[in-house]
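Input: a single structure, listed below in structure tokens.
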Amino acid sequence: LVVNSPYLQTELAFSHKLANLLQWTLNTCELSAPSQPRWSLGLLSCEGEIEPHTVDGLGLWRYRVHASCDERERRAWVLYFHGNAETRAWNNAASKLYRLTRRPYCLNVVSFDYGGFGDSAGSPSEASVIADGWRALEWVAAQEPTAVVLLGHSLGSGVAVGVAERLC
């Protein structure tokens with residue numbers, strides 16, 4: 001039923017309107033300016049040194065590697081694909097991603113919102129979220145990493161596999 005109905009796929013499978021409602025009502029920081037915290041109920045997080053970027057309407061955060069890591073440790077990257085009814089500021093993921101930037105991991109981490117989620121333009125569909133993931137990966141590749149790990153949660157794991165499939 002969901003597969004045969006684009007409306008149901010968009011509204012139920014992605015739950016982006018719920019994610020946006022939570023983001024805007026419980027927002028601890030601005031997605032486009034994460035260094036400007038407002039208040040917190042513990043559901044959303046802007047912890048760490050975050051650089052906001054926009055790539056063709058796609059909202060993206062880069063968590064900078066912690067200063068305690070030396071230069072040769074800073075070349076690997078993680079591209080994180082969030083689940084449905086989430087945004088890149090969802091605390092459950094954001095706090096874990098921040099920890100990946102510190103020792104012993106010392107990873108650059110990028111998280112982004114699919115079209116229709118957070119402040120990213122567009123509306124989600126199976127094809128569009130994979131295209132958004134591909135654009136985020138292209139942005140990461142332009143940073144000249146030594147390695148990139150695609151890390152997905154829930155819906156995001158399917159998107160990560162869709163992006164990885166395009167690499168083959």
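The values are calculated or read from the model by the stated rules, or taken from the named source; none is laboratory data. Here the structure is a predicted model, which is why all the values come from computation and not from measurement. Please note: Cβ atoms are built from the backbone with ideal geometry, for glycine as well, and neighbour counts cover all protein chains shown. Surface accessibility is based on the protein's heavy atoms, side chains included, excluding ligands, DNA and RNA. Shrake-Rupley method; radii C 1.70, N 1.55, O 1.52, S 1.80 Å.
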In sequence order, calculated HN-Hα J values of the range 156-168 (Karplus, 6.51, -1.76, 1.60; Hz; x Gly/Pro): x, 5, x, 5, 4, 5, x, 5, 4, 4, 5, 6, 7
Compute, for D70, the solvent-accessible surface of its heavy atoms (probe 1.4 Å) with the complete set of protein chains present, and express it in square angstrom to the nearest 10. 60
Accessible surface, 1.4 Å probe, highest first, among residues S68, S120: S68, S120
Taking placed amide H atoms and a strict 5 Å upper bound, the residues 5 or more places from N84 or on another chain that come that close are L155, G156
For the range 82-158, which trypsin sites (Lys or Arg not before Pro) are in a loop by DSSP, counting at most 16 other Cβ atoms within 10 Å? R102
How large is ³J(HN,Hα) for each residue in the range 75-82, as worked out from phi by the Karplus curve 6.51 cos²θ - 1.76 cosθ + 1.60 (θ = phi - 60°), to whole Hz, x for Gly and Pro? 9, 8, 10, 10, 10, 9, 10, 6
